[in-house]
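Asker: Quick one: the structure is below, and I'll ask about it shortly.
The values are calculated or read from the model by the stated rules, or taken from the named source; none is laboratory data. Remember, predicted model here, so these are calculated numbers, not experimental data. Here the Cβ is made from the backbone with ideal geometry for all residues, glycine too, and neighbour counts use every protein chain on show. Accessible surface areas use protein heavy atoms only, side chains included; no ligands, DNA or RNA. Shrake-Rupley method; radii C 1.70, N 1.55, O 1.52, S 1.80 Å.
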Amino acid sequence: MSALQSDLTFAFRTLRKSPGFTATAIITIALGIGASTAIFSVVNAVLLRPLPYAQPDRLALIQTDLSARKVYDFPLAPGDLPDLRSGAPLFEDIAGIANGRQALYNDAGEPEMVIVAGVTSNFFRTLGAHIARGRDFVDDDAIVAASAPAENNGLPPAPGAAQQPTSGILSDGMWRRRFGGDPQIVGKKVRIGNQSVEIVGVLQPNFELLWPGSADINPHPDIYNAIRIDLATASRVNVFLRAVGRLKPNATFARAQAQIDAVVKDLRQRFPIKETAGYKIRVEPMHDYAVADVKPALLALMGAVAFVLLIACANVANLLLVRASQRERDLAVRSALGCSRWELIQQMLVESFVISAAGALLGIALAWVGVRALVVIGPPNLMRLGEVGLNAQVLLFSVIAAAMAALLFGVVPALRASRVDLGSTLRATGRSGGLSGAGKWLRNSVVVVEVALAFVLLVGSGLMIRSFAAVQSARPGFDASAVVMLQVPNQNQNLRGPDAIRAFTQQLQDKLSADWPERGLQGAADALHN
């Protein structure tokens, strides 16, 4: 039997003789590793994992600021898109997207509100998304007919607008949920609002739009329409596009920003309104900017659970110091029989690693429960929340955390226990009843560390609770109780012109006012239906 196997056998036998100590140490470490693993699974999915696009390190979000108006992360005007494409050749391409809600009708004419994203025809090629069925958009899908409106944010036109067919690509989820995974879906037409949309493709499963929350881009649109805009004559003031670009190989964000700055300088000279507003455009790495809103909070949580793990290590180290004082005679006998100091240290460290390994196994089980709870109660706008789980990277983190924990709580007690005074220990009757001066100093030092870490956590928790209470008690400036929001899609072909719309609005208000007090939401729904 090798020395390691012998030490493992002895460690298991020794720990089994002290079930109370063993259970306490394992549970303490398990709580620290479980909390750390659960939070790291979120950090890994949101902050560390690359974006699920082709060569994501080359993707850039193109953000507009109006510094003179103190407006930031503003959408882009479609008329500025050709200038950016021609004036910044370090980009392979620049695409745009806008989204909103529209009514999708079935064959019986029953509507369902769905999320519709209008995208430029190069959008999926820019991101490197895969079309699982059918085809991607082509440039012809964006050509505007002579009778069509110049732009409509990529969404179906208002009643009375030209009925030019639109090309659409379904999300995989929408294809399966609404159309039952129909293999013949490509080429079929659906009605969205007053527009006929021809389905040309189905997107890859689990595709997600990972924009920062300030962009107001829904991560899971149901259908994507090709925006029909004549960019050469498009508006410079009607802003609605969120732009993303792909850098050419070996291009840097700094050089791309310099090219964009030159374009902006030209635009500000040509259009005084942009100069007055302090028009600027930022080129931001897509991953960094997408996680900018949540990164501080996640790092703070990771730091908090790291402190919890350190406190757990300090607690177990204290337990090991006490236990070592009770084993002084046993260690002295082993030393007298020829066991070297290194062999004593190795034996103590093996026991620490056994405790840590058992704690890691229990901690992973606790983390699995914690991760499932986080996915359920986590904020719905947290990017990639659905991808949080115990994958290979997270399990590797748990193993490394367990190894480091074993060293943290095992080294100092092992070094202290290995310094055996054979003469005084063997002459003493019975077992040692307490720690020596050096041992007490170590225990006191560990207690100081525990209190310091706990104090930091307490202060941080207090600040977070205070901030949460302040947010909850903040008044928006109006009474939001018993207030609901209604969205009424305008599908009535007769509602043309401001007079007809005002009359319809007044009629709707009268119906709601009559039915709401007595019948609540159901009355409002009946009023809208009628």
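Asker: For a protection proxy built on the mean count of beta-carbon atoms within 10 angstrom, sort 104-112, 31-39 highest first, please.
Answerer: Top to bottom by mean Cβ count within 10 Å: 31-39, 104-112.
Asker: Principal axis lengths of the stretch 162-244 from Cα atoms, whole Å, largest first?
Answerer: That works out to 42, 34, 19 Å along the principal axes.
Asker: How much accessible surface area, in Å² rounded to 10, belongs to the heavy atoms of Ser445 with a 1.4 Å probe?
Answerer: Only protein atoms counted, so the area is about 40 Å².
Asker: Taking the alpha-carbon centroid of each part, what is the distance from the stretch 38-66 to the stretch 124-143 in angstrom?
Answerer: Result: 22 Å between the Cα centres.
Asker: Let me ask something additional. Just add up the charged neighbours of Asn106: K/R +1, D/E -1, any other residue whose Cβ is under 12 Å from the Cβ of Asn106.
Answerer: Combined, the nearby Lys, Arg, Asp and Glu give -1.
Asker: Would you mind getting the accessible area per residue of the stretch 1-155, heavy atoms of the protein chains only, 1.4 Å probe, in Å²?
Answerer: So the stretch 1-155 comes to 43 Å² accessible per residue, rounded to a whole number.
Asker: Name the shape class, rounded, prolate or oblate, that the alpha-carbon gyration tensor gives for the stretch 28-108, where a ≥ b ≥ c are the square roots of its eigenvalues, rounded holds for a/c under 1.5, and otherwise prolate holds if a/b is larger than b/c and oblate otherwise.
Answerer: Prolate, since a/c reaches 1.5 and a/b exceeds b/c.
Asker: Once the convex hull of the C-alpha atoms of the stretch 1-145 is built, how many Å³ does it hold per residue, rounded to a whole number?
Answerer: 368 Å³
Asker: Moving on. With the full set of protein chains in place, find how many percent of the accessible area of the stretch 162-211 is carbon and sulfur; take the probe as 1.4 Å.
Answerer: Using a 1.4 Å probe with all protein chains present, the stretch 162-211 comes out at 48 percent carbon and sulfur.
Asker: Could I ask something else about it? I'd like the distance between the alpha-carbon centres of the stretch 227-256 and the stretch 381-401, rounded to an integer number of Å.
Answerer: 34 Å
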